[in-house]
Amino acid sequence: MNGPPPLYGVVLAGGASRRMGRDKATLEYRGRSQVAIAFDLLSRHCQKTFVSVRPDQTNDPARAALPQIVDEIAGIGPIAGIAAAQAAHPGAAWLVVACDLPFLGDAAIARLVAARGAHAIVAYRSSHDGLPEPLCAIYEPSTRMAILDAVGRDRRCPRKFIIESGVPLLDQADPAALDNVNTPQDFASAVARLDTRSVPP
């Protein structure tokens, strides 16, 4: 009997970081870049892990040493990274994580992985607005054609894609686990908050 598709991980690190004013992937927490922290986190739970990048980022020092998947479509946001990952390895399920989640840890990832099986997408419900969290989620291979169709119809929002899929959502055990960092003020706050947490991200 065949088992489930292999689980690969991809860290979405191809954003422009306009609100931050600097590359979010290179932000450092406890002396390590966020992209490296996220890569190592996924590597502990996935058979293979990659970093999603734009074509002009492949030689960037923070990304060059890591296995990469290059976006095929420019200017459509994070769904480009998901689509490129699925195109590169269409037989794999993809654990997709944004690179700006400094509070994300092993417990939240392990719960996603444990919930695989019943649905094509496994995702958390936001502790802030109750909507799906599409950038810390698992997309099974069966979602590939639907994602390509959404991109082809210029429907670029992964959150709306999950809403329309109708899959049930998981509640976050740690309400702060998926808090992201978009601005310099967010970054300063995250550094201060992490300094008070006893468990590394």
With N denoting the number of residues in region 2-149, provide Rg(C-alpha) divided by 2.2 N^0.38 Å, to two decimal places. 0.99
Two pseudo-spin positions, 7 Å from Cα along C-beta at Arg44 and at Ala173, lie apart in nanometres by 1.3 nm
What is the Cα centroid distance between region 98-163 and region 45-95, reported in whole angstrom? 16 Å
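For every helix of n ≥ 4 consecutive DSSP H residues, a contribution of -39,500 (n - 2.57) applies; sum these over the chain, divide by its total residues, and give [θ] at 222 nm rounded to the nearest 500 deg cm²/dmol. Show your work: numbers first, answer last.
Values: 7 runs with 62 residues, N = 201.
Taking each H run of at least 4 residues, the total per residue is -8500 deg cm²/dmol.
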Ala120 to Thr58: extension gain in nm, 0.36 nm per residue of separation minus the Cα-Cα distance? 19.3 nm
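Where a number appears in this text, it was derived from the coordinates with a stated rule and is not lab data. Note that this is a predicted model, so its numbers are computed, not measured. We place every Cβ from the backbone using ideal geometry, glycine too, and count neighbours over all the protein chains shown.
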